[in-house]
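Inspection log for the structure reproduced underneath, given as structure tokens.
Every number here is computed from the coordinates shown, using simple stated rules; none is lab data. Being a predicted model, the structure only gives us computed values, none of them experimental. Using ideal geometry, Cβ is built from the backbone for each residue, glycine included, and neighbour counts are taken over all protein chains shown.
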Amino acid sequence: MNKRDEDPQYDHPLQQAVAQYFKQCLRRDFDKAAEILYPGDLDKFKTNVLWSARAMAQFGEANDFLAKFGSDVEIEDLEALSPAAFFARFLEGATGMIDDSDRLAVERSFVVRDVEVDGDDGEVTYAYDPTPGNGSKMLWERAMRFQRIGDRWFGLMDAGMSQLTSNVRRNIADFRRREKRDTELSPRDQERELERIALYGYVDEETKVPVIEPRFRGAGDFSAEGLAPVQFFRKWGYINKAGVTVIPPQYDFAQEFVDGVAAVAVEVENSFEFKWTYIDTNGKQMWGAEFEEAMPFSDGLAAVMRDGLWGYIDPNGEVVIPFQFHTAGPFDQDHAHVTILGDDDEIREWLIDNTGRKLF
């Protein structure tokens, strides 16, 4: 650490190191913050985070580990970074969005409390107010361990890494335990109908006995195809009645299957805009068409939106009723309710048949 980096209110080099690490994170000088940490721990951090992301990818939770690195980031992109650059990018995501006024208030509340040194080992206790401006008199207290190598002290991060990998291993073990229980309670040849329960699992419709333990963040009903859309942590996929994943979690929204087809959506580059399409029971995209919104098929037609207007497609993806409606409902007995915006900017309600002809 250079003399110009030193904080005049602290005399001990470990006090200086902690103060600079904390403030450089808040000031978004992440590369400089990473220089304070032990290089071996930076390497372990990168290895453990990438391992955790790969381990949880099978359950659709990889994004929980990678979200701080940016939108649409891939594991392969992060592998190319040096350990120091990897950690700096992590810090950028973890602290880079703090409001400037809050950042300054947190920095001003920072104080080093205790320093303990035993040979080449050291520990610093510090505190800060994580919620500035709320009138709280409580400070969050933290500790940072150091190791001296030669004439320089390096910050250690081994405790956090151990907790990270332990949590991941516990989550994996718990998920597999539940998956095994699902299999034991629900043989593959079971033909009973299942219904959704409030805690996002499934029970037998007749006996009310749980056959798929609640473990999903969201869940839809089983269709005639024997598949149900479920939300695995962040993404949606599909399971069968044995609770086995048939279509991996990869969608931001997923509807139930109707006549072998389901509408699914994926966000466009973290924009809060979504492109909808249709998939078959193998998860294969059909027709290659994408829409702004889409509804399930009913009576052989599905309402879809393009350029802000609704129309209808058939099971082959062909547009059979042009995009012209302000809103569009499902067909029932070959009739559908729609609205249309007139030349006078008034919205009018229509009832149409399956050719798009206005009935009244």
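Remark: C-alpha extents of region 291-360 on the principal axes read 35, 26, 15 Å, sorted largest to smallest. Taking other residues whose beta carbon is less than 15 angstrom from the beta carbon of G342, and scoring Lys, Arg as +1 and Asp, Glu as -1, yields -3. When you filter the chymotrypsin sites (Phe, Trp or Tyr not before Pro) in region 237-275 for DSSP loop state and at most 13 other Cβ atoms inside 10 Å of their Cβ, you are left with F272. Each other residue within a Cβ distance under 15 Å of M286 adds +1 if Lys or Arg and -1 if Asp or Glu, for a net charge of -4. Dipole magnitude for region 291-360: about 140 debye, using +1 per Lys or Arg Cβ and -1 per Asp or Glu Cβ, origin at the Cα centre.
When each of R306, R108 is scored by the number of other beta-carbon atoms lying within 10 Å, the sequence from fewest to most is R108, R306. In this structure, H335 and A57 have a Cβ-Cβ separation that, at R0 = 45 Å, corresponds to a calculated FRET efficiency of about 0.50. Taking the square roots of five times each eigenvalue of the Cα gyration tensor of region 191-266, the equivalent ellipsoid has semi-axes of 20, 14, 9 Å, listed largest first. Backbone phi angles across region 42-47, fed through the Karplus curve with coefficients 6.51, -1.76 and 1.60 (θ = phi - 60°), yield HN-Hα couplings of 4, 5, 5, 4, 4, 4 Hz in residue order; Gly and Pro are listed as x. A full extension of the chain between W287 and D43 corresponds to an added length of 83.3 nm, given 0.36 nm per residue minus the alpha carbon distance. Summarising the amide proton neighbourhood of V320: residues at separation of 5 or more, or on other chains, whose placed amide H is nearer than 5 Å comprise Y312, I313, D314. Remark: spin-label model distance E318-D299 equals 1.9 nm, labels positioned 7 Å along the Cα→Cβ axis.
Database remark: amide H of A262 closer than 5 angstrom to the amide H of I279 (H placed geometrically; neighbours at sequence offset of 5 or more, or on other chains; Pro and chain starts carry no H). Simple spin-label estimate for E116 and D307 gives 7.1 nm between the two label positions (7 Å along the Cα-to-Cβ direction from each Cα).
The listed peptides 222-234, 80-92, ordered by packing as a protection proxy, come out as 222-234, 80-92 (highest mean of other Cβ atoms within 10 Å first). Sequentially through region 200-214, phi angles give Karplus couplings (6.51, -1.76, 1.60; θ = phi - 60°) of 6, x, 9, 10, 5, 5, 8, 8, 6, 7, x, 10, 9, 4, x Hz, Gly and Pro residues having no value and appearing as x. For the cross-link pairs K235/K284; K46/K275; K275/K358; K208/K235; K32/K235, the ones whose C-alpha atoms lie over 25 Å apart are K46/K275; K275/K358; K208/K235; K32/K235.
A simple rule links phi to the HN-Hα coupling: the Karplus curve 6.51 cos²θ - 1.76 cosθ + 1.60 with θ = phi - 60°, which for region 16-24 gives 4, 5, 5, 4, 5, 4, 4, 6, 5 Hz, with x for Gly and Pro.
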